[in-house]
Amino acid sequence: MRILLVLGTSTGGVGTHVAAAARSFAAAGHRVGVVGPAATQEQFGFDDRPRVMFAPLEIPVGVGPRDAGTVRRLRTLIRTFRADVVHAHGFRASLLTSAALTGMRKRPRFLSSWHNTIMSTGGRERMERLVAARIARTADTVLGASEDLVDLARELGASHTGLAPAAAPSPRFGDDIHAGLLRARLARELGFDRDGLILLAVGRIAPQKDYGVLIDALAELAADHPEVQCLVAGAQDDAERARLDARIEEHARAGRRPSLHFLGQRGDVGALNQLADAFVLTSRWEARALVLQEALLTGKAIVATATGGTPGLVGDAGLLVPAGDPAAFAAALRRVVEDPALREELGHRAAQRALDLPDEAQAAELLLTEYEAARARG
């Protein structure tokens, strides 16, 4: 089969997913082409393996006057590659692919993967729903990275849908001594007791992650549990970081400063997971967050917001609370902090659920099954 994968700018999950799929397809003997921005190729190196080719195509985030040229270039690439299947990732890449395929004779099967939901409001939300509806109606199959995205595609008119989660990250285990040394070093650098209870959050400091909920919840626990420390690993949006710092100081003036430490971007998330006692996630929405999968792989108790694909991913391996509810999050944290047996049980369940996470080969096989089904429908 000749498979063409199309994606826009990516620095994380989508690029990782496409690179893994391309690698697996090629290993199975298929011809694979990847189309996307040059910067994305530089980061993920899609074509650094046999049977995979890359063609640069800048796909801006917003609609603009250059879209007509982008569509023409993409149509040429599809024809030149002689694709049997074109699989676009994300709303923007899918919209351009839909336009490129319009009116094409003997067009290949078109699949669209949705990795994010519509979170805008007002006029922007209506526009984004119109875009998503066009994709849903023109794609042969819409694949959602989480169950709610599959439901959204059906609601907007998709005739064929499927759940297509990305492969789980490879376990990044460090040995116990390494984790212990890291805990001691962080405790010394950040000024807390190394024997305290450590919570870990991983993700960019950005509004979608809703770290304000975490700050408020930790403030609720501060008086009763000064031993609780929360580490946050991730790059930051400066404006959001300033807003969060102001929120921390507001709690401090009220005598309940939350013990939260921003570590910045880290390359040792596996070791941080090992040293932590529990994992926390306050996002307003996630599909199947890779950071949650890493927590499952290391057998950590989880407290998270019940949004997107999180309930289906975490199941009974964590305590799930409504998004945007600091009181509910604080109550769940209190249970995990005060009950070591519960932490242990949740961690055991997490390790069990991790056994069912798809690896790269399984995720690719699911996609190939969807490709064949779309081709069979003709």
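Comparison of 235, 223, 242, 289 shows that the only residue that is at pLDDT 95 or above, aliphatic (A, V, I, L, M) and over 21 Å from residue 183 (Cβ atoms) is 242. Quick check: anything in segment 200-210 open to solvent by 10 Å² or more (accessible area, probe 1.4 Å), over 26 Å from the mean Cα position of the chain (by Cα) and of a type in the set (A, V, I, L, M)? There is no residue in segment 200-210 that is open to solvent by 10 Å² or more (accessible area, probe 1.4 Å), over 26 Å from the mean Cα position of the chain (by Cα) and of a type in the set (A, V, I, L, M). A search for C-beta distances below 8 Å between a residue of segment 302-319 that is free of Cβ contacts under 8 Å to residues at least 12 places away in the same chain and any residue that is open to solvent by 10 Å² or more (accessible area, probe 1.4 Å) and outside any helix (DSSP H, G or I), counting only pairs 6+ apart in sequence or on different chains, returns 311/320. Residues of segment 343-364 that are without any contact (Cβ under 8 Å) to a residue 60 or more places away in the chain and farther than 15 Å from residue 304 by Cβ: 344, 345, 348, 351, 352, 355, 356.
Would you call residue 117 open to solvent by 20 Å² or more (accessible area, probe 1.4 Å), out of contact with any Asp or Glu (no Cβ under 7 Å at 6 or more places or on another chain) and among the hydroxyl-bearing types (Ser, Thr, Tyr)? Against the criterion (open to solvent by 20 Å² or more (accessible area, probe 1.4 Å), out of contact with any Asp or Glu (no Cβ under 7 Å at 6 or more places or on another chain) and among the hydroxyl-bearing types (Ser, Thr, Tyr)), residue 117 does not qualify. Would you mind stating whether residue 323 is aliphatic (A, V, I, L, M) and either within 15 Å of residue 230 (Cα to Cα) or in contact with an Asp or Glu (Cβ under 8 Å, 6 or more places away or on another chain) (or both)? In short, yes.
Within segment 256-285, take every residue that is among the small types (Gly, Ala, Ser) and within 20 Å of residue 193 (Cα to Cα) and give me the one that is most open to solvent (accessible area, probe 1.4 Å). Within segment 256-285, the match that is most open to solvent (accessible area, probe 1.4 Å) is 259.
Just checking, does segment 294-309 include any residue being assigned to a helix (DSSP H, G or I), among the charged types (D, E, K, R), open to solvent by 10 Å² or more (accessible area, probe 1.4 Å) and in contact with a strand residue (DSSP E or B) (Cβ under 9 Å, 6 or more places away or on another chain)? Yes, that holds for at least one residue. If you filter segment 218-240 down to residues that are assigned to a helix (DSSP H, G or I) and open to solvent by less than 60 Å² (accessible area, probe 1.4 Å), you find that the one that is farthest from residue 192 (Cα to Cα) is 240. Summed over segment 101-114, residues that are farther than 20 Å from residue 159 by Cβ and modelled with pLDDT of 95 or more total 0.
The values are calculated or read from the model by the stated rules, or taken from the named source; none is laboratory data. Worth saying up front: this structure is predicted, and the values here are computed from it rather than measured. Cβ sites come from the backbone with ideal geometry, for glycine too, and all protein chains shown count toward neighbours. Surface accessibility is based on the protein's heavy atoms, side chains included, excluding ligands, DNA and RNA. Shrake-Rupley method; radii C 1.70, N 1.55, O 1.52, S 1.80 Å.
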